[in-house]
Structure formats: structure tokens, C-alpha cells
Amino acid sequence: MLDFITEKENSWDYLRKTDLPIFIYGMGDGAEKILRVFEKYGITAAGFFASDEFVRGHYFKGHLVHSLSQIEKLIEDFVIVLAFGAGYESLYRRISEMAERHILLAPDVPVVGEGLFTYEYCLENAEKIQKVYDLLADEKSKQTYADIINFRISGKIDYLHRCTVPKSDIWQDIIKLTDHERYIDMGAYNGDTVLEFNELTKGRYEHIYAVEPDSRNFRKLTKAADGMGNIALENAAAWNDNTELTFSDRSGRNSKLTDGSGVKLKTVGGITGDRLCHNATLIKMDVEGAEYEALEGCKDSLKAGSRLICALYHRNGDIFELPLKVHEINPELKLYIRHLLYIPAWETNLYCTL
């Protein structure tokens, strides 16, 4: 069991054991999360650096923030820990070039929820992880699944290089759009994915239903959709019931349900996909950790054979819990996993078709 998991040493254990100084690349929320894990493991950061264009003599956590070139002039050999997401090509290339000169790790910390994705965590969930591997519809999915898990354990970005595919492959090989789509976009953000869908279909579709809970994002979505026909917009949160939810109104991609400890709290309506459209042909969900509940709210559509695009990277267990949930709802749906250009594994998605 789990023969495809070849990495046994967690990135945190490697960082705890190394004698090389460790510099964190980036600041903000990602660095804060990593520092909390450093404290837990007894790992010391030697300092922080940012891209040259962002270095302005400022401090982070009591450290003067340097540029990489400044550190390289002073220290020959060190470890870089990436503390932010890179989803566009020029930055991705820059990070890859750094990894050719230095040991570079992108340790996995969950976007939502607690705990760490470690080798021990995989062993605890071995049966579920193996079941998903066995259910996957093609060898590319199995290799991607293995690469993503090995990356999340080790933090080694070579695994992401190996499994990254262009988005065009998804539309050509898995989700083959027709002129008769009834499309639900759950987590429509500022309208970027609605516009992408409109462009891919050349405006030929039956209907779009776009759901976005954040107030500012919803205003941007409304503006983006202006002039489009056959589109319904909902300022609501994807959920498993039509109810009211407490939400963190953060005006970004990471707006999410909250336990009350967040700021800018608001109440929004929860809405199910099945209520929006009882016969959707395609559902996309990227709902910041509420994917499991959103899947439950789309049971009727999935049972009827709706295709699905679902984010697999917000919570530690998403990589196996969400595919298993889809399989439970409709065992006839084929399960594919692909990773799009991104470091860390924040663009790893599940694609389902009959």
C-alpha cells in the first residue's frame, strides 16, 4: 500500500536537521504560518528576503528584509523556504532558477484548517489515499496524484515541474465544452472564470449561474458580467443547505467561512447547486475549504452526470476526501487529477466526467 509515496522525510524534519542557514522568501500570511510551524519544530530562520523590486529597507519580525543578491554576497550556501504562492510564469521561472543555485523548499501549510500534511498523516489515512489512487481514470492522474503527495510531504518543487500541464489540456482532453452548457461557477471571485468560460464557448451556452459571497468581489463579478446574456449572479456562499452562514468578508480569493474569530464578519445566504440549477451540465467549485459541503449541495446534478471541476488543495484531507465524496455520490463519474502552473500545489484540481 502507498508504494507511490517515495518521500519519507517531511520538509519540516529536513529543515530542523540541516546545518545550513534558512532564509524565508516572502512575508505576510504565508510567512506567519511557516514561522508558527518553525516554532513548533524548533527551526530557526536566519532572515527574510523579498524580490529586488520589493526591498525598501523595511523589517519583518524584527529582521531587516534583504534581497537575494544581498544574501548571496554574504553567504555561499543556504536553504530558501518559499512563503507565498507563485502562479504566473515569470515568477515561477524566477523561483525555479533560484532552486538551481540553492536548496529551495516550499513547505506545505493548509490554506484552511489546522495540522500538517506529513508522511505520518499519509500513513494515518493510507486506506483512503490508496483507494483514490486505484479509482483514478488514467495514468496521468495517478502520476499527478503521486507527485502532489510527494511534493506536499517534502516541499521539493521538482514534483510540481513534472506534473504541471497547460489549462488547454483540460478543455481538450477532459472537459469538452458544448454549445448547450448549463454552468454553475461556485466561487466566481471577480468574474475571471466566468469570462474564461464565455470565451471558451464563444458565448454559446444555455445558462451561467455564478456564486460569490464576498461583497467587493461580487461587485467586480457584476461588472465583469455586464452585457452577458443568460447569466444569474448570486451574492451567496456554496453550501449543502439553503441557510445563513457567518462569513469573513476579506475581498480576496481567500474569503471563507469563519468560526467567528475573523474580522469583517457578515452573514450571507448559503445556497446549493441543486437549487440554482437542477440539471447543470458543468459545475466548477473553488470555495476556500467548503468544497465538501458544496458537493453535498450538488448531489442531484452529479447523480445525473454533471461534469465537475473541483479544487483539491484548501484542506489537508481534500486530496482524498473530495474524490471519495464524488465517487460516493456517483460511482459512474470518472475521476481525473491535474495540476496547473503554481507553486505550491494550489492549482491541483479534480475533474469528473462520465
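The values are calculated or read from the model by the stated rules, or taken from the named source; none is laboratory data. Just so we're clear, the structure is a prediction, and the values are computed from it rather than from any experiment. With ideal geometry, Cβ positions are generated from the backbone for all residues, glycine too; neighbour counts draw on all protein chains shown.
Annotations
- Subset of the range 111-169 (residues that are out of contact with any Lys or Arg (no Cβ under 7 Å at 6 or more places or on another chain), in a helix (DSSP H, G or I) and among the hydroxyl-bearing types (Ser, Thr, Tyr)): Tyr121, Ser141, Tyr145, Ser154, Tyr159, Ser168
To keep it simple, each residue is scored yes or no on (1) out of contact with any Phe, Trp or Tyr (no Cβ under 8 Å at 6 or more places or on another chain); (2) crowded, with 17+ Cβ neighbours inside 10 Å; (3) not assigned by TED's automatic domain parsing to the domain that holds Gly270.
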| site | (1), (2), (3) |
| --- | --- |
| Ala146 | no, yes, yes |
| Asn150 | no, yes, yes |
| Lys156 | yes, yes, yes |
| Ile174 | no, yes, no |
| His180 | no, no, no |
| Asp192 | yes, no, no |
| Leu200 | no, no, no |
| Arg216 | yes, no, no |
| Thr222 | yes, no, no |
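- All positions within the range 202-214 that are outside any loop (DSSP other than H, G, I, E, B) and buried (at least 20 other Cβ atoms within 10 Å of the Cβ): Ile208, Tyr209, Ala210, Val211
- When residues of the range 241-279 are limited to those that are β-branched (Val, Ile, Thr) and in a strand (DSSP E or B), the one modelled with the lowest pLDDT: Thr246
- Hits in the range 1-17 - residues which are polar (S, T, N, Q) and surrounded by 14 or more Cβ atoms within 10 Å (Cβ to Cβ): Asn10, Ser11
- Residue list for the range 95-108, restricted to those being more than 10 Å from Arg152 (Cβ to Cβ) and under 21 Å from the mean Cα position of the chain (by Cα): Ile95, Ser96, Leu104, Leu105
- Single condition Tyr313 does not satisfy, out of (1) assigned to a loop (DSSP other than H, G, I, E, B); (2) free of Cβ contacts under 8 Å to residues at least 40 places away in the same chain: (2)
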